[in-house]
Every structure is written in C-alpha cells, then in structure tokens.
1. From Ala103, Ala142, Ala121, which residue is modelled with pLDDT of 80 or more, touching a helix residue (DSSP H, G or I) at 6+ places or on another chain (Cβ under 9 Å) and assigned to a helix (DSSP H, G or I)?
2. Would region 37-57 turn up any residue that is closer than 16 Å to Arg137 by Cα, out of contact with any helix residue (DSSP H, G or I) (no Cβ under 6 Å at 6 or more places or on another chain) and small (Gly, Ala, Ser)?
3. Taking the residues in region 24-50 that are buried (at least 17 other Cβ atoms within 10 Å of the Cβ) and among the aliphatic types (A, V, I, L, M) as candidates, determine which candidate is nearest to Glu104 (Cα to Cα).
4. Would you please list the contacts, defined by Cβ atoms under 9 Å and residues six or more apart or on different chains, that run from a residue in region 129-141 that is at negative phi and surrounded by 10 or more Cβ atoms within 10 Å (Cβ to Cβ) to a residue that is in a helix (DSSP H, G or I) and of a type in the set (Phe, Trp, Tyr)?
5. Tell me yes or no: at least one residue of region 74-90 is over 17 Å from Ala130 (Cα atoms) and free of Cβ contacts under 8 Å to residues at least 12 places away in the same chain.
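The values are calculated or read from the model by the stated rules, or taken from the named source; none is laboratory data. All values reported here derive from a predicted model rather than from experimental measurement. Note that we place each Cβ from the backbone using ideal geometry, even for glycine, and neighbour counts take in every protein chain shown.
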Amino acid sequence: MWPQSRREVNISVSVGAQVGVLLGAVHVANHVLESYVPVRPFILIISPVFLMLALFGAAGSAAWERTQSPVLAVVAGVWCAMVAILIALCVAFCLNLAFEGNAELQLHEAFAASGMNDPGAFLVKNMLEATSEGLVRMPIFAVFLSFNPTSPARMQLRSLPTRRPRCLDQALNREIQVFHRRFFF
C-alpha cells in the first residue's frame, strides 16, 4: 500500500518502467543480432552496452528531474534494469529453446571444452549462468549510473545563469578591452 500512496514513487517507477521497456528492446535486438549474425563489426557489439549505460543515466535523470529525490532516481534506474533484464531473458530463453539447434551450434566450441555429454543441458546451463550475471550486474550498474551527479538534468540546473553585480561586469569588460589592446592592436 505504501508505494501506491506516494505520487513521487509512482512517477519514479513509471519512468524506470518506460526506459526499461526501451532498454529491453535494445537487449532483444542485440540478442537477435548475436544469434543470427555471426561476424559483426565492433560498433554493433559495443553500441548496446553504451546505450544501456546511457539509458540508466537517463532513467535516473528523468526521475530526479520530476521528483528532486536522489533515492527515487536510483529506484528508477534499478527498476529500469529489472524490467529490461526480464524482457531480455524471456525473449532470449524462448528464442534459444525454440531454435535450440542454432544456439547449440554457436556454443559448439564451448560445449566441446566443457566435457558435458548433452548439448541441450549445456545450453540451459550456459543460459542460467548468463542470467545470473545479468541479474546481478545490471542493477549494480543502474545504482551507480542513475545516481550520477553529472547526468544531463542536474547539469542543466548547475549551468543556470547567475546574476553578477553590474560593477563586476564593468570590471571584466575593462580587463578584456585592455587585453585586446595589448595583444591584438
């Protein structure tokens, strides 16, 4: 009952879910590319990683901008990670098990080195190990990146113009004129 009664928490979770769905789509596209395009340029390998990091920061930044709470910014980032990893895992498990032959073919060398007898069992073992890594690493990345004090929304607030006294402006203008006369004329 508590999370539903606080408007800020709902906003934070909503922002995290929306960005998480986008990140989940990125992960799904990356998985499909990995599965069906054996040789990819490096930019297609690293782009989803950088996009993931940017989206964690965007989720935290958007939540911070709307709620002005660093804790809720972290909640949005972690929720983004959880939604994205669940989407990616559901699709990856379904695709890998539906097209098991293709997945086993990609893991042929690792299967041969493992010493296991059943390639299907090795595929499931490999998927579960990859899942455990994603379920641990993504929320940790999200905590640090959504709490980043250099995110775009916070940078905007810091860069708001401050009013200087008029006498300071006049003194700066005089110094600039002296500098120009001395070095450029």
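1. Being modelled with pLDDT of 80 or more, touching a helix residue (DSSP H, G or I) at 6+ places or on another chain (Cβ under 9 Å) and assigned to a helix (DSSP H, G or I) holds for just one of Ala103, Ala142, Ala121, which is Ala142.
2. yes
3. Val28
4. Thr131/Phe93; Met138/Phe56; Phe141/Phe56
5. The first filter runs over region 74-90 and keeps only residues over 17 Å from Ala130 (Cα atoms), leaving 74-80.
From what's left, free of Cβ contacts under 8 Å to residues at least 12 places away in the same chain: none.
Checking region 74-90: not a single residue is over 17 Å from Ala130 (Cα atoms) and free of Cβ contacts under 8 Å to residues at least 12 places away in the same chain.
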